[in-house]
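Read through the structure below, which is laid out as structure tokens, and then see the notes.
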Amino acid sequence: MALLIFLAEHQGQVISRIELLDKLWKNVVVNENTLTKTVGMLRLALEDDAKEPQYIVTRIKKGYQLIAAVQELGKDEFDSPQSLMTKPEVTQQSINQQTNKVVTAKLAPRVPVTNNKLSLIKIVAVILSFIFLALLALMFWQEQTNKEVSYSKFSPVTFGAGIERDPNFSPDGQFLIYSKRKNQSSNFNLSIYSLKQQISMVISNFIGDELAPAFSPDGSKIAYFHKDEDICHLYVSQFTYPNTITKGQKVANCGYNNQGKIYWLDDDQLLFSDRDIETMGEHKLYRLELSSLYRKEIKGHYPFAFSVSPNKQTIALLERHHGRFDLDINEFSLLQKTSSSWLSGLTHFSEFAWLNDEKRLLITDTLYGSISIAEKNGYKQNIYQANMMFSQPVVNPINGLIALVQSSIKSNIYQISNPIIQTKNKPVIDSLAMSNPLLASNYFDYLHQYSRDIQLSAFISNRNGKHQLWISTKGTERPVTHEYLSSGDIIDFRWSPDASKILVMLNNSKVFIYTLKDNSVFKLPLGKDEDQIYYPVWDSQGNGILFAKMSEMGPKISHYDINTGTEQKITNTGAMTVSASPDGRYFYLLKLKSGLWQLDRVSGKEQLLLANVTPSAWGSVVAFNDGVYWQDSTKIGYQIRHFKLSTAQTSTLMTVPQDNNLPLRYFDVSKDQEKISFHRMYDYQSDLVFLSKP
């Protein structure tokens, strides 16, 4: 009925599926199948034919349109029970002449309504009422059933200050294989945990990283990624517990697999995900035949996470649709795939694993610190919530025991003097060792930035389990509580040049402008709904927004003019981060595997300033008229560097050793260049845990 009323209120307009979902199912987790079914039910009630519609027309790839004439009844007509039966068919001309419209609407009938038809409608209404009550009872029963399978107890597999990841059970359920951080190193070894003996041991000792290990179906082999010096290969090694493995056979080349996964289909075929390190494009999904080493791409634009069901027939993928992350279930076939959407509203920090009944999925969301179970009917229930970070769930194929990664992160925000403007060029690393943090907390605080007048500062914190924007005025902190920005999804922000506004980005690529004076929020239409937006920043004059859009060929930079509402492509050559000079003449871009570039906005000419640049994944660019600051990630550590435009000289201002327990992340330079603020993690650890019932 709500759908019918909404369409009647917008008679003649084509309403998109996204708008209908947002308006009619606000704050309710549903998918597009729900809308399709509801439209079908409405057509059935109206006796409308989808092929020859007289009421509702489906506009392909656009939405739905109500074409029937609509008349809003006046109060006297609405009060009269006979009005619905005596009104003649309404024309569009009579609608335009109608005045004093209130309360309700009536669709123009195609035929006169008879008493028999009214009786039939009453019978249908009674039947629908019984169905509605039955559904309520079923939902209540499901809720009670799900309460019985809630989880709350964690039994540690590993514990301490280490970092463990990539858990995977053996086919017989006796072992848990995983990647373990090497002591005093940034690399990983393979380790194995015996559930029977309750002991853990390292089974590899190679140079580099061993990531995402997976057992073959018979348990005799292990597939894993081996990464060294930015070169990654997929290996398969023979294994018999508790022997130490050799490197084995290289079976495929791979790109950037810090987030990759491997699944075996049978003893000769396996699936793995891969991402092109040159373009940092989206993941792809590949099938590999070990006997022939034939590799075939079976899923392009693979997004973020996937999981194969225990019977190897169904695959779940986290797909991006119209700017949203939906959990799609694909009937697995190498020739043809069909998909249906289970859930909407997930984040790209979500990961999942099939439960052994193959009807439900266990979902973790690192952003929210939540663990939930999703069913095929779209029902999702949280079973655990904490101010922690849960990821990479796996399920024991024999007894259903759940293992996952539990991480905790604390961080401080530091502030140091800029050595470029110091009379004595004292090493910054010394002042860092002696300095106290600007913001010290037991929370994950990051991305501290000053306004231009240095009277205000802002940062993001995950206090109360939400990544929320906080503003500090002379040491007094307050969260931004606007309803659009209090969801806990904020991952990036930038001050406007006049410090009156803040550019805010959410994890779903939506970008807003928040005005401090009146606490108002305006959404920017950057790109299309399906575009992935990264690192939006203000133009130097505060009248435009620069941002990166990701494509399969890599990122490209665009400029959005706030005054005219127009968008213009700046560069299409793989730039990820960008900054404008204060005078607005130049753009400075960090390009993947290319270097630091200067773009003249007047002539359109690009010039390479520095080739040997390896931008950090968390880095940004801060530009001034006399130079550019950026963040590098090197083999020895994280660096803040500066390029002086007049002399073409490069300076390294600060180096933090890359021990991965204290990495340097987001940084900012005050507008007077006197101070540098940056975020540094501490007490970062991740442990493998078993999730069990109370």
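Quick check, is Pro217 in the same structural domain as Asp274 (by TED's automatic domain parsing), touching a Ser or Thr at 6+ places or on another chain (Cβ under 9 Å) and not in a strand (DSSP E or B)?
no
In region 177-199, how many residues are small (Gly, Ala, Ser), in a strand (DSSP E or B) and either closer than 19 Å to Ile262 by Cβ or modelled with pLDDT under 90 (or both)?
2
Could we say that Asp531 is on the phi < 0 side of the Ramachandran plot, in the same structural domain as Ser620 (by TED's automatic domain parsing) and free of Cβ contacts under 8 Å to residues at least 60 places away in the same chain here?
The answer is no for Asp531.
I need the full set of residues from region 13-27 which are farther than 12 Å from Gln65 by Cβ and assigned to a loop (DSSP other than H, G, I, E, B), in order please.
Trp25, Lys26, Asn27
Would you mention how many residues in region 52-74 are of a type in the set (A, V, I, L, M), touching a helix residue (DSSP H, G or I) at 6+ places or on another chain (Cβ under 9 Å) and farther than 17 Å from Thr36 by Cα?
4
Of these, Ser350, Ser407, which one is at pLDDT below 85 and surrounded by 14 or more Cβ atoms within 10 Å (Cβ to Cβ)?
Testing whether each residue is at pLDDT below 85 and surrounded by 14 or more Cβ atoms within 10 Å (Cβ to Cβ) leaves just Ser407.
Please enumerate the residues belonging to region 224-269 that are more than 20 Å from Ala305 (Cβ to Cβ), surrounded by 14 or more Cβ atoms within 10 Å (Cβ to Cβ), under 33 Å from the mean Cα position of the chain (by Cα) and without any contact (Cβ under 8 Å) to a residue 40 or more places away in the chain.
Scanning region 224-269 gives His226, His233, Tyr235, Gln269.
Restricting attention to region 265-282, does a residue exist that is closer than 30 Å to Glu319 by Cβ, of a type in the set (Gly, Ala, Ser), at pLDDT below 85 and in a loop (DSSP other than H, G, I, E, B)?
Yes, because at least one residue in region 265-282 is closer than 30 Å to Glu319 by Cβ, of a type in the set (Gly, Ala, Ser), at pLDDT below 85 and in a loop (DSSP other than H, G, I, E, B).
The values are calculated or read from the model by the stated rules, or taken from the named source; none is laboratory data. Fair warning: this is a prediction, and the values are worked out from it, not measured in the lab. With ideal geometry, Cβ positions are generated from the backbone for all residues, glycine too; neighbour counts draw on all protein chains shown.
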